[in-house]
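The values are calculated or read from the model by the stated rules, or taken from the named source; none is laboratory data. This structure is a prediction, so every number in the text was calculated from the model and none was measured. Virtual Cβ from ideal backbone geometry, glycine too; neighbours counted across all protein chains shown.
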Amino acid sequence: MFVTLLVITFLISVIVCYIIVRVFKKSLESILNRLIEESISRAWLRYLQFAIYVVGISSGVRIWELEKYITPLHPDGAQIVILNSDRWILEVYRTVISTLQGIAWLLFGFFIFALIAYVIVRFVELKKSS
């Protein structure tokens, strides 16, 4: 049952990452094309998509949280948490939320740096045109 939960949370995280990559692809592509030349912006876009998958999956599949289903909570011999249908629903929900939260922080950091870079690029363009 634990292995099934692990596989399901992994697949859910991959699906959520795929959806986010598809939703944000055009926005990320246009930002990168504006900031850096097109030939290298494609490489940066691919790296950013890879980072979304890595951060999303590592945030969504929380191994340290899933260990409670195979390890007793307390070393004094307490019982292992039972993996019933209510726990499955909770874990699926946690997976989706954690994946989205990890990706949101990654994209927030990217957009902050992109905004700073955009201001610098605009400043340089205005200096050149003057």
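Kindly evaluate TYR47 against the criterion of being modelled with pLDDT of 90 or more and either over 27 Å from THR9 (Cβ atoms) or hydroxyl-bearing (Ser, Thr, Tyr) (or both).
So TYR47 fits the description; yes.
Tally the residues that are touching a residue at least 24 places away in the same chain (Cβ under 8 Å) and either in contact with a Pro (Cβ under 6 Å, 6 or more places away or on another chain) or not basic (Lys, Arg) (or both), restricting the search to the stretch 33-58.
Going through the stretch 33-58 one residue at a time, the tally reaches 10.
Which one is surrounded by the fewest Cβ atoms within 10 Å (Cβ to Cβ), of the residues in the stretch 43-68 that are within 13 Å of the chain's Cα centre (by Cα) and of a type in the set (A, V, I, L, M)?
Within the stretch 43-68, the match that is surrounded by the fewest Cβ atoms within 10 Å (Cβ to Cβ) is VAL54.
Kindly list the number of the only condition in (1) more than 19 Å from the chain's Cα centre (by Cα); (2) farther than 23 Å from LEU11 by Cα that fails for SER27.
(1)
Name the residue, out of THR4, THR9, THR99, that is surrounded by fewer than 11 Cβ atoms within 10 Å (Cβ to Cβ), over 30 Å from PHE123 (Cα atoms) and at pLDDT 85 or above.
THR4
Checking the conditions here, which among LEU115, LEU106 is assigned to a helix (DSSP H, G or I) and either touching a residue at least 12 places away in the same chain (Cβ under 8 Å) or closer than 28 Å to PHE2 by Cβ (or both)?
None of the other options fit; the residue is LEU106.
Which residue is nearest to the chain's Cα centre (by Cα), if the candidates are limited to the stretch 30-42 and must be modelled with pLDDT of 90 or more and more than 14 Å from ALA114 (Cα to Cα)?
So, considering only residues that are modelled with pLDDT of 90 or more and more than 14 Å from ALA114 (Cα to Cα), the one nearest to the chain's Cα centre (by Cα) is ARG42.
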